[in-house]
Amino acid sequence: MKRKEVRIMTKVYFTSLSRTLTAAILGFLTVTFLLNWTATGNAFEKINQTFWGVAINGYDTVAYHTEGRAIKGQRKYSHEWNDAKWYFASAENRDLFAADPERYAPQYGGYWAGSMAATGKAAGVNPEAWKIIDGELFLHWDQKGGENFVVKAESEVKKADQNWGKLIKE
């Protein structure tokens, strides 16, 4: 065998080995992630949060109350509460929340209020779809759902409160 052929065969062998090891490592990491993700305790978070633990997709929950609009928060103005990271648009909003989180936090952990009332299930939201009723923040899937929720607010809140109580006890 010539020296050039040996080099080519060695290069092919190590390239193939490198690809095999990479695939094995990626496979192992994927299986590990899936097992941890589906483990008991990860199925339901008390606060609606991203994979990285950021509540309500990083929106400033105080701004709904103080500015009457949905504003994306910033990581530099964050506060940890109820096992979630909450982002705020300003240090002032962060401090207001830290002093009284129950006042500013969305109802039902930031899950879809309409779903909580109708099915008792925690469902995702669009943080741009929201309503404040009697000083409490309710997040929705879309604006129309929020408007429908307001029309029947008294009965919807009562049903959602009951369902939320059951869900967080499970």
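Quick notes on this structure:
- Counted residues, region 51-81 - those being assigned to a strand (DSSP E or B) and either open to solvent by 30 Å² or more (accessible area, probe 1.4 Å) or in contact with a Ser or Thr (Cβ under 6 Å, 6 or more places away or on another chain) (or both): 10
- Some residue of region 80-90 being more than 17 Å from the chain's Cα centre (by Cα) and not charged (D, E, K, R): yes
- Candidates Gly109, Gly73, Gly120: the one that is within 21 Å of Lys46 (Cα to Cα), in contact with a Lys or Arg (Cβ under 7 Å, 6 or more places away or on another chain) and modelled with pLDDT of 95 or more is Gly109.
- Any chance Glu156 is among the charged types (D, E, K, R), open to solvent by less than 70 Å² (accessible area, probe 1.4 Å) and part of a helix (DSSP H, G or I): yes
- Residues that are crowded, with 21+ Cβ neighbours inside 10 Å and assigned to a helix (DSSP H, G or I), drawn from region 98-116: Tyr104, Tyr108, Gly109, Gly110, Ala113, Gly114, Met116
- Qualifying residue in region 82-93 (condition: open to solvent by 30 Å² or more (accessible area, probe 1.4 Å) and in contact with a Pro (Cβ under 8 Å, 6 or more places away or on another chain)): yes
- Residue selected from region 124-143 under the condition surrounded by 16 or more Cβ atoms within 10 Å (Cβ to Cβ) and free of Cβ contacts under 8 Å to residues at least 24 places away in the same chain, by the criterion farthest from the chain's Cα centre (by Cα): Lys131
The values are calculated or read from the model by the stated rules, or taken from the named source; none is laboratory data. None of these values were measured; they are calculated from a predicted model. We place every Cβ from the backbone using ideal geometry, glycine too, and count neighbours over all the protein chains shown. With ligands, DNA and RNA removed, areas are computed over all heavy atoms of the protein, side chains included. Shrake-Rupley method; radii C 1.70, N 1.55, O 1.52, S 1.80 Å.
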